Amino acid sequence: MESRLNYFGHPLAAKVLKHINSANKVLSDSTLPVVIQELVKIRASQINGCGFCTDMHIKDAAAAGETPQRLHLVAAWREATVFTDAERAALELSEQGTRIADAAGGVTDEAWANAAKHFDEDQLVALISLIALINAYNRINVINQQPAGDYQPGQFG
């Protein structure tokens, strides 16, 4: 598989990615736990069928010490016993926020209330923003058919 164009090498894309990556840096420096950030990125990327981002975030999570068992179970987190209540709340919010077009009401009050039990307001802002941001990255890569599999942890800094 080849990408439709060299998005990462295009000057206009570089300008766009500079701003998206700046937002990502703000979120990675937030108080939202890194493990939650990676789980959210993985789950949204799986739902969106973004192989590039799924590959990247599984590798980044593994490099940060995440276990293979948990990484293999992200797609089936509801049935898995290896996730904390906070992680489950973040994964639910991520799913509903990613599948927003599939639900007439968007994110349910129940999913929001559950997330609000586990995260403070700053973390909720980071979580909402992270869900939006990973969906933007996913859409860029899916539309461009960015190939997956060659990412190396830390490749983008």
For region 120-152 versus region 1-41, the gap between their alpha-carbon centres in whole angstrom: 7
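Given charges of +1 on the Cβ of Lys and Arg and -1 on the Cβ of Asp and Glu, with all other atoms neutral, how large is the dipole of the chain about its Cα centre, in debye to the nearest 20? Mind showing how you got there, number by number?
On the way: 13 positive and 18 negative charges, 109 e Å.
So the magnitude is around 520 debye.
Please report the carbon-and-sulfur percent of the accessible area for the chain; probe 1.4 Å, protein heavy atoms only, DNA, RNA and ligands left out. If you can, show how the numbers build up before the last one.
Details: 4900 of 8650 Å².
Percent of accessible area from carbon and sulfur atoms in the chain: 57.
Heavy atoms only, 1.4 Å probe, whole protein assembly: order HIS57, HIS72, HIS10, HIS118 by accessible area, highest first.
Details: HIS57 15, HIS72 150, HIS10 90, HIS118 65 Å².
Largest accessible area first, the residues go HIS72, HIS10, HIS118, HIS57.
Taking the solvent-accessible surface of protein heavy atoms with a 1.4 Å probe, what is the per residue accessible area of region 1-148 in Å²?
Working: 7920 Å² over 148 residues.
On a per-residue basis, 54 Å².
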query: Quick one, which of (1) 41, 35, 28; (2) 43, 35, 34; (3) 43, 32, 30 is the actual Cα extents along the principal axes in Å calculated for this model?
result: (3)
task: Under a cut-off of 29 Å between alpha-carbon atoms, report the lysines in cross-link reach of LYS117, not counting same-chain residues fewer than 8 places apart.
output: LYS25, LYS41
- prompt: Hey, got a sec? Which trypsin sites (Lys or Arg not before Pro) in region 1-60 land in a DSSP loop and have at most 10 other Cβ atoms within 10 Å?
  reply: ARG4
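The values are calculated or read from the model by the stated rules, or taken from the named source; none is laboratory data. What you see is a predicted model; the values in this text were computed from it and never measured. Methodologically, a virtual Cβ is constructed for each residue, glycine included, from the backbone with ideal geometry; neighbour enumeration extends over all protein chains shown. Protein only, heavy atoms only, side chains kept; ligands, DNA and RNA dropped before computing areas. Shrake-Rupley method; radii C 1.70, N 1.55, O 1.52, S 1.80 Å.
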